[in-house]
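**Student:** Here it is, the structure in full.
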Amino acid sequence: MKLLTHNMLTSHVKGVTKGYPLIIKATEVKVNELEFNSQFVSRMIPKLEWSALIQAAEWLGHSQDLPSTLIPDYENDEEFLRKVHRILLEVEVLEGCLQCPESGREFPISKGVPNMLLNEGE
Amino acid sequence: MYPTPLYAPAGCDAFADVYEPAEDSFLLMDALEKDAERLKGSRKNKVDKQPFINEARCVSLIRPSVCLEVGSGSGVVSAFLASVVGPEALYLCTDVNPAAAQCTLQTSHRNHLQLQPVITDLVQCLQPRLNGKVDVLVFNPPYVITPSEEVGSRGIEASWAGGIRGREVMDRVFPMIPQLLSDHGLFYLVTVSENDPEEIVDVLGKSGLNGEVCLTRQAGRERLSILRFSKS
């Protein structure tokens, strides 16, 4: 599970109103090298909840001195974009779980894929 | 022009419980291929005679950033979409079947793509974050008419069991489509005649989406239709 994906996930446990962001508890993390595509990163940034990304990076120990708020004119800052690229796409959680911040319910991540299925009644 | 991607061996071994691409999958890919210029956000031929684009919508050809496939199965359709739209978009793939999610991941690797699988029921957990952001939404639903009791499995039956009129699963997704789609977003849906595609166009029409049949094909006993929807 990449942090880009994590940024889009919200807990849907019944009754939960503050299910975002899910807390990452990783037991296995991998860092892959992926070709840098500045266009892709620039296009993704507006879709992100920036603080959730920073928080996720911190949980994985990969904060990389990313700023806590977005810098203006980031499209032209290659160094910045490369840091974002790394955190969005290169860091991957292979095993662990995502925890609902309100209910504590844990959703497993197995072989790189998060399982957000709820059981009946949840 | 766009070849069918290699896909992980759905229907075999570890992926025995994953839907193997069939006529419905291929028809969906054909529809996406037919719309390739539109999906790429091509600005050529803006006022050309493309029958499905009227002038008012010509200016709304924008390169997709976010693509979502509900029920990705083997991942072949998302892989195909990625070959058309290109690497500068996010491809999210959901499936209720964990084996399908792994199969999608394998297909992604085989094609050197970045498909992002999530195991979830339809689009649950991707809302509200994806609301208003999905530029291309693709769904090949379980459309076969079956008893209602057969709906709700998380294994291979989930790929075909559609319950009454074959509509029980897709009907659950319809209310979320207008929420998820971006202003220029497109929604592609596979149906068979028993699902009553005209009524589906009507139902989604009431929630502000313009729909039409973009491709149909007879495959054995099934008369398949690909429906395409966009916001008015």
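Nothing in this text is a laboratory measurement; each read-out follows from the coordinates by a stated rule. These figures come from a predicted structure and were not determined experimentally. Cβ atoms come from the backbone with ideal geometry, glycine included; neighbour counts cover every protein chain shown.
**Student:** With +1 on each Lys and Arg Cβ and -1 on each Asp and Glu Cβ, and nothing else charged, work out how big the dipole of region B:191-232 is about its Cα centre, in Debye to the nearest 20.
**Tutor:** Numbers: 6 positive and 7 negative charges, 43 e Å.
Here the size comes out at about 200 debye.
**Student:** According to a simple spin-label model (label point 7 Å from Cα along Cα-to-Cβ), what is the distance in nm between residue B:207 and residue A:47?
**Tutor:** Placing both labels 7 Å along Cα→Cβ, they lie 2.0 nm apart.
**Student:** Same structure, new question: Note down the relative contact order for chain B as a percent, whole number, built from C-alpha pairs under 8 angstrom at least six residues apart.
**Tutor:** Values: 492 pairs, mean separation 42.7, N = 232.
This gives 18 percent for chain B.
**Student:** Quick one: A:68, B:83, fewest Cβ neighbours within 10 Å first, how do they rank?
**Tutor:** Least crowded to most crowded, the residues run A:68, B:83.
**Student:** Using DSSP to call loops (not H, G, I, E or B), can you name the trypsin sites (Lys or Arg not before Pro) in region A:1-49 whose Cβ has at most 16 other Cβ atoms within 10 angstrom?
**Tutor:** Numbers: sites: A:2, A:14, A:18, A:25, A:30, A:43, A:47; in loops: A:14, A:18.
Passing sites in region A:1-49 are A:14, A:18.
**Student:** Then there is this: Any idea what log10 I(q)/I(0) is at q = 0.25, 0.31 Å⁻¹ for region B:153-194, Debye with uniform C-alpha scatterers and no solvent?
**Tutor:** Rounded to two decimals, the profile gives -0.96, -1.12.
**Student:** Could you run the Karplus curve 6.51 cos²θ - 1.76 cosθ + 1.60 with θ = phi - 60° over region B:122-136 and give me ³J(HN,Hα) per residue in whole Hz, x for Gly and Pro?
**Tutor:** Each residue's phi maps through the Karplus curve to give 6, 10, 4, 5, 8, 9, x, 4, 8, 4, x, 10, 7, 8, 9 Hz.
**Student:** With a 10 Å Cβ neighbour count serving as the proxy for reagent exposure, in which order, fewest first, do B:103, B:67 appear? Kindly include the intermediate steps, with their values, before the conclusion.
**Tutor:** On the way: B:103 29, B:67 24.
So the residues, fewest neighbours to most, are B:67, B:103.
**Student:** Name the shape class, rounded, prolate or oblate, that the alpha-carbon gyration tensor gives for region B:121-165, where a ≥ b ≥ c are the square roots of its eigenvalues, rounded holds for a/c under 1.5, and otherwise prolate holds if a/b is larger than b/c and oblate otherwise.
**Tutor:** Values: a/c = 2.92, a/b = 2.19, b/c = 1.33.
Since a/c reaches 1.5 and a/b is larger than b/c, the shape of region B:121-165 is classed as prolate.
**Student:** Now for a different question. Name the residues of region A:1-39 whose amide N is less than 12 Å from a point 7 angstrom out from the Cα of residue A:118 along the C-beta direction?
**Tutor:** Under 12 Å, as judged by backbone N against the label point of residue A:118, lie A:10-19 of region A:1-39.
**Student:** When the C-alpha atoms of the protein assembly as shown are aligned to their principal axes, what extent does each axis show, in angstrom, from largest down?
**Tutor:** Largest to smallest, the principal-axis extents are 57, 50, 38 Å.
**Student:** Express the relative contact order of region A:3-114 as a whole percentage, based on alpha carbon pairs under 8 Å and six or more residues apart in sequence. Don't skip to the answer; put the middle values down first.
**Tutor:** Working: 167 pairs, mean separation 43.5, N = 112.
Relative contact order comes out at 39 percent.
**Student:** Can you list the equivalent-ellipsoid semi-axes of region A:3-114, largest first and in whole Å, using the square root of 5 times each Cα gyration tensor eigenvalue? Please report the intermediate quantities before stating the final value.
**Tutor:** Working: eigenvalues 125, 53, 24 Å².
The equivalent ellipsoid of region A:3-114 has semi-axes of 25, 16, 11 Å.
**Student:** Of all DSSP beta bridges in chain B, what percent run antiparallel (nearest 5)? Write out the running numbers ahead of the final one.
**Tutor:** Details: 17 of 37 bridges.
About 45 percent, rounded to the nearest 5.
**Student:** Still on this structure: Measure up B:133/B:206; A:47/A:111; B:40/B:206; A:83/B:231; A:30/B:133 against 31 Å on the Cα-Cα distance and list the ones that go over. Walk me through the numbers on the way to the answer.
**Tutor:** Numbers: B:133/B:206 21 Å; A:47/A:111 26 Å; B:40/B:206 28 Å; A:83/B:231 36 Å; A:30/B:133 28 Å.
The pairs that break the limit, which is 31 Å between Cα atoms, are A:83/B:231.
**Student:** Please report the projected area of chain B's Cα convex hull averaged over all directions, in nm². Can you show the working numbers first?
**Tutor:** Working: hull surface 46.9 nm².
About 11.7 nm², averaged over all directions.
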